[in-house]
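In what follows, a single structure is set out as C-alpha cells and then discussed.
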Amino acid sequence: MKRWACVAAFLASVGSSGAADLIREHMVDERVWPDEALVNVRVAFNRWPDCTTLESAVADIFRIEGVQKASDEARALALWKWFRILVSATGGGYVFEHGGHLRGGLVTDPHKILATYGHHMCDGQSWAMAALWRAAGYLAFDQCHHGHTITSLYYRDADGQHRFHDFDPQGRFYYWDAANGRVGTWTNPLLRGKVHRHLMLPVRVQSLRTSLRVGESVERRWENRGHIVPSGRDREKALQAEYYAYVPGRKDGIYAVAGEQVQTLVADTSERFVWQQAVAPVNVVSVGGRLQPEEAGEPASLVYRLGPPYVIADATVKATLVKASAGDTCRILFSRDGEDWEPVHEVTDAGEASVSLDLGLAALRKRKPSAYTDYSLYVKVEMRAAGDAKKPGLAALRIATRRMLNKRVLPTLRPGPNTVCVTADKCMHPFALRLRVRYRVDGKQRTAEAIIARFPYTFRIDVPAGPEKVLKNYDKDWNSGSVQMDAICMQLVKARPGAWRSRSLPETEARKAFSISDPHPADMTNRKMVKKPETDVRQSNGFFPQGPQGTRKADDRMKELVRLLNKGRLVRGKAVYRQWTAAEDLGEYPEALDPLLEALPRANLDLAVFICKALSRIPSKKAIPVLLEKWELAPGQAPGTRYIPDVLAAIGDRSVVPALVEKLPRCRFDFRIHIARALGLLGGAEAVTALRDLAENDPLRAVREEARRHLPNP
C-alpha cells in the first residue's frame, strides 16, 4: 500500500514534473547508502502535517484544514495558520551553521528553518513560508526593504484576477484590504520602496529522509535537555547568554521550539560488521569478537556514518582499541563529508586502550575537529598489523549524536482517534522496526508500540482526552495541554514470526484516515488594515507597468527626482529608499527617459527594479539596447533584471523575443514567469513555441499557468 492516493493526486496536480533543462527548486538528496538497513522510514500521523519535505507538509496542511478544493485564499490562510503553529516568531535570532569554524554561513534553506530550527528572524521566517507556498505550485517571494521582511503570496482572487497578498510571520499579522474584502499588500502599489527577493534560497534543500543502520537507535524527544544551536555567529558568546541557559522543563525562548534527537550507533564486531559500513571495508575480518586486519602489512579500514536529518549539537565517540605491538597502527579519524579526514586519536602504546572523544561544541572551542552544526558524521578506524602473530583490532565502538530539531513538526497526537502510518522503501532481512510512541494524558504516562517487518504499516492510537487545548500564544507555549508528547523511538530488532503485536489496519481504513480533514482549533486571524486600497489590478499583480503611461511634462520636481536618482551607489539608510522611489516616480515623465537609461547600466540589483518600473511607463524603442545589455547579466543582478522582460513587453518590439527565449534554461522560476508574460504580450511564432513548452514542462505550476494564459486559442 503506497502513500495515500489523495496525497499523491494532490502532489501530482501541483508537482514539478518538468523539462530537464529548466531549473527546479526543492531537490533533495535521495541517495541510498550501503549501511542503510531500513531505507527512508517515515512516521506520519493523520491529524498532523508530515513535514518530511516542503511538499508533503503543505499537502497535509491543505488536507487537514479541508481546503484542497477551496479557494486560493482559503489555502493561503490555512498555510498561514499552520505556519504560525509550527514556527515560533520569538524563538531566536539569525541562525548560522559554522561549517567547521566558529564563524560561518547564514541558514537560508527553508526546510531547515521549518523542521530543524523552527525559528529565525523576519527574513528567514518569510523564506520558509514562501517556499511552502511554492511547494504547492504557487508563486511566492520574500518582500523586504533593508529593515524588515515579509512573505508575499501570489494567487487568484474571487474576481478571477491574480495578485500578490502580504503576510508578516514575525509581526504575526497579514494585511487586509477591507474595501475589496481580501488579503492586501504592504504598499500600494506593490513594491513601493520594497523588493521581491528570492536571491539566497538553495535549489537543493534538506528533507527529513531517515534511514537506520543495524545497531542504531533514534529517539526524538519533545523536551530538549540543553543541546541547542543558539542564534548568532559567535556561538561561544551566545551560549553564555541567559536566554539560552538550560533549566529542566524550560519551554520559553528557544526552548519553545527546540526538541532533541538522541542517535546512537553501536558497532557490531561479529561477521555482520559489514552491514554497518558506509563504504566497503578494506582488509578487515572478525576474529573472536574483534575487528582486525586480515592481511598483515596491508592497511585496513572501517567507516561508520551517522546521517541526517537534524543538526548536530553534540557528538561523542567511545572506542576500545587494541595495539598488539609497537609497530602496529591503530587510529581513529573524523570527517564531515566522508572525503576529507582528520585524525582525532592514535593509540601509542601496545595493549588495550579505551578512548572517549568529544566531537561537539567542546571540541570546537578548543579548535579541534568537530561535528558541531553539521548533519553527517563519519568515523574511520584505520589499522595496520606489523606481524602475523598478533594483530591490532577494534573491540568496541559507540558513536552518539544529540541533534536539535523543531519539536513542533514532529508527528503529534491530538485528542481522539489518531492513525499512524509507517512507510519505508526497504528493510533488510531479518530485521524489523521497533517503534515506540511515548506520550502523557492528564499526566499519566502511555506508550504505543509496534514491531514492524512489512511496510507500509498502519495502526491507531486512541487518545482519551478532552477538547484540544487552544493556546493563548503559540510562539511561547507548546506541548502543554492534556495530551503531551514525550518521544518517538526507532530501533532495528531481529524479526521473528509473530513478533508484531497486531496486524496493519485494512488499506481502506488507512486511506480514509489520511483523506479526512480535521482543522486545528487555533485561530490565527490577525489583520492589519491597508491604508490605501487597490483601485487597479496592475497595482498588485507584480508585473510592470503598475500604472498608466507617464504624461507629465518636465518640471522642478522631475529635476529633483533625477538628482536623487544620481546620488550614487554610496547612499545609505532612508536615502536608499528615497532613491528607489525617485526612480519609480520618474516614470511619470517621458522626458526622464535619458537619465533613466544612463542610470540603468550602473544600477545595483535593487535600484534596477525601480528604474524598470519607470521605463515600463515610458515605452520607447530607444531603451531596447540598454535593456538588452543589462539583460545579458540575467539571472545575475536579481531582482532588478527580473523585470526587464516586463519593460520589453511594454515597448512591444518582437525583435527581443530571441533574447528572452535564450535565457529560459538558465533562469529560475521568478524570471521564467516574467519571460512567459512578456512572450505572450509580444507574440510571434518563436514566442508561441516557447510558451507551449513552458505550459507543458515548467517545473512550477504557476509558470505553467501563466504560459497557458498567453497561448492563442486552439
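Between residue 527 and residue 366, the simple label model (points 7 Å from Cα in the Cβ direction) yields a spacing of 6.0 nm.
Over the chain, DSSP H runs of length four or greater, each weighted -39,500 (n - 2.57), average out per residue to a 222 nm ellipticity of -6500 deg cm²/dmol. To the nearest 10 degrees, how steep is helix 669-682 against the longest Cα principal axis of the chain, on a 0 to 90 scale? For helix 669-682, the angle is close to 30 degrees. Between the entries (i) 1.08; (ii) 0.98; (iii) 1.23, the label attached to Cα Rg over 2.2 N^0.38 Å calculated for this structure is (i). Packing around the peptides 22-35, 344-357, 403-416, taken as the average count of other Cβ atoms within 10 Å per residue, puts them in this order, highest first: 403-416, 22-35, 344-357. Computed from Cα atoms, the angle from the helix 5-14 axis to the main principal axis of the chain rounds to 40 degrees. Label-to-label distance, residue 246 versus residue 388, with points set 7 angstrom from Cα along the beta-carbon direction: 5.2 nm. Here the range 646-668 and the range 390-446 have alpha carbon centers that stand 52 Å from each other.
Stretching the chain fully between residue 342 and residue 156 yields a gain of 61.5 nm (0.36 nm per residue, less the alpha carbon separation). The relative contact order of the chain, computed from alpha carbon pairs under 8 Å that lie at least 6 residues apart in sequence, is 17 percent. Here the calculated FRET efficiency for residue 428 and residue 396, from their Cβ-Cβ distance with R0 = 30 Å, stands at 0.85, rounded to the nearest 0.05. Reported to the nearest whole Å, the Cα centre-to-centre distance from the range 466-481 to the range 489-555 is 21. Peptide packing for 55-65, 419-429 was compared via the average number of neighbouring C-beta atoms within 10 Å per residue; ordered from the highest value, the list is 55-65, 419-429. Output the pairs from 69/528; 318/368; 194/613 with a Cα-Cα distance over 20 Å in this structure; if there are none, say none. Too far apart for the 20 Å limit: 69/528. Counting other Cβ atoms within 10 Å, keep those with at most 11, restrict to DSSP loop, and tell me which trypsin sites (Lys or Arg not before Pro) in the range 459-519 are left. Those satisfying the criteria are 472, 501, 503. For the chain, the longest principal axis of the C-alpha atoms and the axis of helix 556-565 are separated by about 20°.
Within straight-line reach of residue 112, meaning a Cα separation under 16 Å, sit the following lysines at least 8 residues removed in sequence or on another chain: 407. Phi angles across the range 600-609 convert, under the Karplus curve 6.51 cos²θ - 1.76 cosθ + 1.60 with θ = phi - 60°, into 3J(HN,Hα) values of 4, x, 9, 5, 6, 4, 8, 4, 4, 4 Hz, Gly and Pro given as x.
Its Cα gyration tensor gives the range 23-62 an equivalent ellipsoid; the semi-axes, largest first and in whole Å, are 23, 17, 4.
Computed FRET efficiency, Cβ-Cβ of residue 233 and residue 27, R0 30 Å: what is it to the nearest 0.05? Computed FRET efficiency for residue 233 and residue 27: 0.60.
If the chain linking residue 106 and residue 178 were pulled fully straight, counting 0.36 nm for each residue of separation and taking away their Cα-Cα distance, it would gain 22.1 nm.
For the range 28-100 versus the range 178-230, the spacing of their alpha-carbon centroids is 9 Å.
Each value in this text was obtained by applying a stated rule to the coordinates, not by laboratory testing. In this text, all values refer to a predicted model and were calculated from it rather than measured experimentally. Positions of Cβ are backbone-derived with ideal geometry, glycine not excepted, and every protein chain shown enters the neighbour counts.
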